[in-house]
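As structure tokens, the structure follows; a few thoughts come after it.
The values are calculated or read from the model by the stated rules, or taken from the named source; none is laboratory data. Quantities reported herein were computed from a predicted structural model and do not represent experimental measurements. Cβ coordinates were reconstructed from backbone atoms using ideal geometry, including for glycine residues, and neighbour counts include every protein chain displayed. These accessible areas exclude ligands, DNA and RNA; they are computed on the full protein's heavy atoms, side chains included. Shrake-Rupley method; radii C 1.70, N 1.55, O 1.52, S 1.80 Å.
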Amino acid sequence: MKIVVMGVAGSGKSTLGAAIAQELSCRFIDADDLHPEENITHMSSGRPLTDAMRWPWLDACGAALKESDTVVLGCSALKRSYRDHLRLFVPDLRLVYPNVPEAVIRKRFEQREGHFMPDQLITSQFETLEEPHADEDATEIAASLSIGQAAKLAASQMLAK
């Protein structure tokens, strides 16, 4: 089982992904750790990544997914084309989408410390976001759920598929 928790910065991909991995007793990988230093420097300066910068990173994400039997990857995968690229590595990719409103994301950024993504990129994240299509069969998680509730829901949905 290969799961990607996708969404905009601040949507809880890492926190939720780690909790889902714990529920499923499997490995969690944070895609932020797979970025080359130039991507992090670029984003830290308030500039969104270009697609040319994303493709090698998505290749690294796909390779990481492919190398484990059961794994949860927290990865923005904002566009359908990015998710389709990951499916080149893992055709049976499963998606979890924490659907968090922009106002909630902005409040989270006010309290966020130690992350390279500055709050001025929130708008570009939402502009880039293509919510999962029906044929992607994503498990959508409401922002109102606690992390524990969301992880249990997502894990049960993944096991039911």
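Tabulated data
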item: Per residue accessible area in Å² of segment 10-60, where ligands, DNA and RNA are left out and the probe is 1.4 Å; result: 48 Å²
item: Among (1) 37, 22, 14; (2) 26, 17, 15; (3) 22, 19, 14, the entry that matches semi-axes √(5λ) of the Cα gyration tensor in Å as calculated here; result: (3)
item: Protection-proxy order for peptides 86-93, 39-46, each taking the mean of Cβ atoms within 10 Å per residue, highest first; result: 86-93, 39-46
item: Cα→Cβ-extended label distance, 7 Å offset, between LYS152 and LEU88, nm; result: 4.0 nm
item: Estimated 222 nm signal from helices in the chain, with DSSP H stretches of n ≥ 4 weighted -39500 (n - 2.57), rounded to 500; result: -14500 deg cm²/dmol
item: Fraction of accessible area attributable to carbon and sulfur, the chain (%, probe 1.4 Å); result: 50 percent
item: In range of the label at ASP33: residues from segment 1-24 whose backbone nitrogen is under 14 Å from the point 7 Å along Cα→Cβ; result: 14-15, 17-19, 21-22
item: Lys pairs, the chain - Cα-Cα below 15 angstrom, 8 or more residues apart or on other chains; result: 5
item: Pairwise label distance in nanometres, SER25 with SER81, each label 7 Å out on the Cα-Cβ vector; result: 4.2 nm
item: Segment 1-115: relative contact order in percent, alpha carbon pairs under 8 Å with at least 6 residues between; result: 46 percent
